[in-house]
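One structure is given below, encoded as structure tokens.
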Amino acid sequence: MDFISPTKGRLTFEQVFADVMAYAAEMPDDSYRLIVGTDSQIRDGTCFVTALIVHRKGKGGRFYYTRSYEDHVRSLRQRIFFEASLSLSLASRLAEKLADSGHEFDMEIHLDVGTNGATKTLVKEVVGMVNGSGFLCRIKPESYGASSVADRYTK
């Protein structure tokens, strides 16, 4: 799975992790948060984009994303759960790599669901899935990792 950085181009997971560590090392006294969010868009098939944002609190950040496609179209429920599972998968890889390297970051998963609209019936289940996996999660309107950053690259 390759990632794309708007500034650095195509990167592997290892390169992304190294870049995140280097970014945090530039200002080690600042506070950081990693945000993972996935969004999808249906066209001929379904395009899934998972974004990883490293947020230097109060001072901006940088992001990376990965894109995948599926030929068949899933129901809204299946898509939302698949988006959450893609985010959980990346967050778990990051958490494992952070633990191995001895670094700690606050981490959040941003879900493309909210209490208004078509996804309101899924909020409780999908939030439970993420929280049950040990991650903090945010939903709309606070889930900009999914609803803004990832969404931009599904188009």
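The values are calculated or read from the model by the stated rules, or taken from the named source; none is laboratory data. Just so we're clear, the structure is a prediction, and the values are computed from it rather than from any experiment. Virtual Cβ from ideal backbone geometry, glycine too; neighbours counted across all protein chains shown. Surface areas here come from the heavy atoms of the whole protein model, side chains and all, with no ligands, DNA or RNA. Shrake-Rupley method; radii C 1.70, N 1.55, O 1.52, S 1.80 Å.
Taking the Cα centre of the chain as origin and charging only Cβ (+1 Lys, Arg; -1 Asp, Glu), how large is the dipole, in debye to the nearest 20? Let's see the in-between values first.
Values: 20 positive and 20 negative charges, 103 e Å.
Dipole of the chain, to the nearest 20 debye: 500 debye.
Setting aside same-chain residues fewer than 8 positions from Lys155, which aspartates and glutamates have a Cα under 20 Å from its Cα?
Straight-distance partners of Lys155: Asp2, Asp39, Asp44, Glu70, Asp71, Glu83, Asp112.
So in the chain, what percent of DSSP beta bridges are antiparallel if you round to the nearest 5? Mind showing how you got there, number by number?
Working: 25 of 33 bridges.
So the antiparallel bridges in the chain amount to around 75 percent.
With each pseudo-label sitting 7 Å past Cα toward Cβ, what's the Gln78-Arg62 distance in nm, one decimal?
Placing both labels 7 Å along Cα→Cβ, they lie 3.8 nm apart.
How tilted is helix 13-26 with respect to the longest principal axis of the chain? Cα atoms for both, answer in degrees (0 to 90, nearest 10).
Approximately 50 degrees, to the nearest 10.
Among Gly134, Thr115, Ser40, pick out the residue whose Cα is farthest towards the positive end of the charge dipole of region 19-154, where Lys and Arg carry +1 and Asp and Glu carry -1 on C-beta, about the Cα centre.
The Cα lying farthest towards the positive end belongs to Thr115.
At a threshold of 8 angstrom on Cα-Cα distance, excluding pairs fewer than six apart, so keeping six or more, what relative contact order does the chain reach in percent? Don't jump to the answer; show the numbers that get you there.
Working: 269 pairs, mean separation 40.9, N = 155.
Normalised by residue count, the contact order of the chain is 26 percent.
With θ taken as phi - 60° and the coefficients 6.51, -1.76 and 1.60, list the Karplus ³J(HN,Hα) couplings across region 91-105 in order, rounded to whole Hz; mark glycine and proline as x.
Values, residue by residue: 4, 5, 4, 5, 4, 5, 5, 5, 4, 5, 8, x, 9, 10, 9 Hz.
Over region 15-118, with every protein chain in place, what whole percent of the accessible area is carbon and sulfur at 1.4 Å, could you tell me?
Result for region 15-118: 47 percent of the exposed heavy-atom area is carbon or sulfur.
Note down the nm distance, to one decimal, between modelled labels 7 Å out along Cα→Cβ at Asp30 and at Ser148.
About 1.6 nm, to one decimal.
Using the beta-carbon distance between Ser85 and Thr7 and R0 = 25 Å, what value does 1/(1 + (r/R0)^6) give for FRET efficiency, to the nearest 0.05?
Efficiency computed from Cβ-Cβ geometry: 0.30.
If I fit a long axis through the Cα atoms of helix 123-132 and take the longest principal axis of the Cα atoms of the chain, what angle between them do I get, 0 to 90°, rounded to 10?
The two axes meet at around 40 degrees.
Which entries of Lys8/Lys59; Lys8/Lys97; Lys8/Lys120 show an alpha-carbon separation above 27 angstrom in the structure shown?
Lys8/Lys120
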